[in-house]
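Contents: one structure, followed by commentary.
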Amino acid sequence: MTDQELVERAFAMLERSYVPYSHFPVGAALECGDGTVFTGCNVENAAYGSTICAERTALVKAVSEGHRDDFVRLAVVGRSEDYCWPCGACRQMLYEFAPDLTLLVARGDHTFVKLPLAELLPHGFGPKSLSQSE
Ligand code: THU
């Protein structure tokens with residue numbers, strides 16, 4: 001699958017976003033080593049802090065279906081003029097399972113930038129950090 005095709009899988013998810021409060025739909029598509037793609041959208045809540053982002057929706061779908069250590073690329077998309085940069089919580093959650101993940105971050109015109117997660121979360125805190133405490 002090309003990068004652009006993965007980005008388009010994420011764009012298809014914008015229709016599923018539940019965004020009555022922000023009116024800011026986000027879509028995500030997470031590719032695994034075997035080619036499986038898990039998609040996600042943001043799902044908001046009247047208790048605003050309970051909202052889950054599109055990237056984390058895709059990630060927890062993948063992990064709950066048995067994928068853990070084979071994530072390759074993640075596309076995250078929105079409709080705005082600026083690129084839809086993943087929030088800090090999503091960067092952290094992705095780092096847990098895929099510190100070497102490649103991100104495709106798109107804006108509303110369907111153009112995207114490709115960069116490693118490590119560039120958005122340098123010196124991340126992960127499972128290895130905990131094992132070095134003793
Ligand atoms: N949002 C995401 O889905 N992913 C991000 O990385 C940034 C923010 C969502 C959460 C909320 O539904 C809306 O965008 C506005 O913050």
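The values are calculated or read from the model by the stated rules, or taken from the named source; none is laboratory data. It should be emphasised that the depicted structure is a prediction, and the values quoted were computed from it without experimental measurement. Accessible surface is based on the protein model in full, side chains and every heavy atom, while ligands, DNA and RNA are left aside. Shrake-Rupley method; radii C 1.70, N 1.55, O 1.52, S 1.80 Å.
Is it possible to state the helix-based mean residue ellipticity at 222 nm for the chain, with each DSSP H run of 4+ residues giving -39500 (n - 2.57), the sum divided by total residues, to the nearest 500 deg cm²/dmol? What is it? Calculated at 222 nm, the ellipticity per residue is -8000 deg cm²/dmol.
By the Cα gyration tensor, the stretch 82-134 has an equivalent ellipsoid whose semi-axes, rounded to whole angstrom, run 27, 9, 7 from largest to smallest. Expressed as a whole percentage, what fraction of the accessible surface of the chain belongs to carbon and sulfur atoms when a 1.4 Å probe is rolled over the protein heavy atoms? After summing per-atom areas, the C and S share lands at 53 percent. Phi angles across the stretch 40-52 convert, under the Karplus curve 6.51 cos²θ - 1.76 cosθ + 1.60 with θ = phi - 60°, into 3J(HN,Hα) values of x, 9, 7, 10, 8, 8, 4, 8, 3, x, 7, 4, 10 Hz, Gly and Pro given as x.
Average accessible surface for the chain: 55 Å² per residue, computed with a 1.4 Å probe over protein heavy atoms with every protein chain in place.
Seen against the Cα atoms of the chain and their longest principal axis, helix 54-64 is set at about 50 degrees. Put simply, the amide H of THR39, placed in the peptide plane, has neighbours under 5 Å in LEU30, leaving out anything fewer than 5 places away on its chain. For SER17, SER50, the ranking by accessible surface with the largest value first comes to SER50, SER17, using a 1.4 Å probe. The fraction of Cα-Cα pairs per 5 angstrom bin, counted from 0 for the stretch 38-134, comes to 3, 12, 21, 24, 19, 12, 5, 2, 1, 0 percent, rounded to whole percents.
Accessible area ranking (1.4 Å probe, heavy atoms, ligands and nucleic acids excluded), largest first, for MET93, MET13, MET1: MET1, MET93, MET13. To the nearest 10, the accessible area of PHE11 is 20 Å² with a 1.4 Å probe.
In order along the stretch 2-10, the phi-based Karplus estimate (6.51 cos²θ - 1.76 cosθ + 1.60, θ = phi - 60°) of 3J(HN,Hα) comes to 6, 4, 5, 5, 5, 4, 5, 4, 5 Hz; Gly and Pro are listed as x.
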